[in-house]
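Structure first, then comments.
The values are calculated or read from the model by the stated rules, or taken from the named source; none is laboratory data. On a predicted model such as this, the values are computed, not experimentally measured, just so you know. Every residue, glycine among them, receives a Cβ derived from its backbone with ideal geometry; neighbour counts consider all protein chains shown. Accessible surface areas use protein heavy atoms only, side chains included; no ligands, DNA or RNA. Shrake-Rupley method; radii C 1.70, N 1.55, O 1.52, S 1.80 Å.
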Amino acid sequence: MQYLKLIDKNFERWALLIFYTLLVVTMSVEVLRRELFSYSSIWGEEVVRYSFIYLAWIGAAAAVRDRAHIRIDVLYHYVPPRVKALLYIFGDLAMGVIAVFALYWSFETVAVAYKYQSVSHGLRVPMVWFLMAVPTGFSLMIYRLVQSILRDIADLRAGKPVHEGEQLFD
């Protein structure tokens, strides 16, 4: 059970670390190959591109988990804590509805790639693996939004202040 909590707490961090390391190492190797040997590979560019795409989508889910995504929160400073909690819940619900629609539509692209057995140009790997970044990201976002809504409802019932996440600027 403790392992599940550890995974739940750190899944996005570890996935981001893996994809970021893959991106940096591959890009560094490709730059060295290009500059020192005047040769570069097709697959290196693809690995970097698709690692970056996975980074973006998993990072979006991590931002939802930590409530670190961009938002306009001026109104939150002028309302009582109960209204603030309700506004956060409403915002998460709205984002959840959009994420469900986006998840549904993102599977269409994956289904087309699967149907026609599309492969990447350099790696010759099925494109489904790369196109799954979008549904994976939206699925993680929905999961984190449900967690956030449940946490906010529990905080609201307990009379505790709602989790506001990290602020970039004061």
With +1 on each Lys and Arg Cβ and -1 on each Asp and Glu Cβ, how big is the dipole of segment 12-64 about its Cα centre, in debye rounded to the nearest 20?
60 debye
If amide H atoms are built 1.01 Å from N in the plane of the peptide, which residues on other chains or at least 5 residues away come under 5 Å of the amide H of Val119?
Met127
3J(HN,Hα) from dihedral phi, segment 103-110, Karplus parametrisation 6.51/-1.76/1.60, rounded to Hz, x for glycine, proline:
4, 4, 6, 5, 6, 4, 5, 5
Pairwise centroid distance, computed over Cα atoms, of segment 112-170 with segment 32-78, Å
13 Å
Which residue, Leu55, Leu16, Leu150, has the most motion in a Gaussian network model of the chain that connects Cα atoms within less than 10 Å?
Leu150
Treating only the Cβ of Lys, Arg, Asp and Glu as charged (+1, +1, -1, -1), what charge dipole size does the chain show about its Cα centre? Round to the nearest 20 debye.
360 debye
For the charge dipole of the chain, defined by +1 on Lys and Arg C-beta atoms and -1 on Asp and Glu C-beta atoms about the Cα centroid, which residue among Ser51, Ala85, Leu75 has the Cα displaced farthest towards the positive pole?
Ala85
Considering only Ser120, Ser38, Ser51, give the residue with the highest GNM mean-square fluctuation for the chain, with springs between Cα atoms whenever their separation is below 10 Å.
Ser38
Computed FRET value (nearest 0.05) for Trp43 with Ala111, which takes r as the C-beta separation and R₀ as 30 Å
0.75
Between 0 and 90 degrees, rounded to the nearest ten: what's the tilt of helix 42-66 against the longest Cα principal axis of the chain?
10 degrees
Restricting to lysines and to Cα separations under 22 Å from Lys84, and discarding same-chain partners fewer than 8 apart, the set is Lys160
Can you give the FRET efficiency to the nearest 0.05 for Val125 and Phe52, using r as the Cβ-Cβ distance and R₀ = 22 Å?
0.85
Take the chain, drop everything but the C-alpha atoms, weight them equally and run the Debye formula without solvent; then report log10 I(q)/I(0) at 0.10, 0.11, 0.16, 0.19 Å⁻¹ to two decimals.
-0.52, -0.61, -1.02, -1.23
Taking every pair of alpha-carbon atoms in segment 93-151, give the share separated by more than 15 Å as a whole percent.
53 percent
Coil-residue trypsin sites (Lys or Arg not before Pro) of segment 36-143, DSSP, other Cβ within 10 Å capped at 10:
Arg124
Per residue, how many Å² of accessible area does the chain show with a 1.4 Å probe?
70 Å²
Return the distance in nm (one decimal) between the two label points of a simple spin-label model at Phe90 and Glu35, each offset 7 Å from Cα along Cα→Cβ.
5.3 nm
Most fluctuating residue given options Phe19, Phe101, Phe138, as computed from a GNM of the chain linking Cα atoms under 10 Å
Phe101
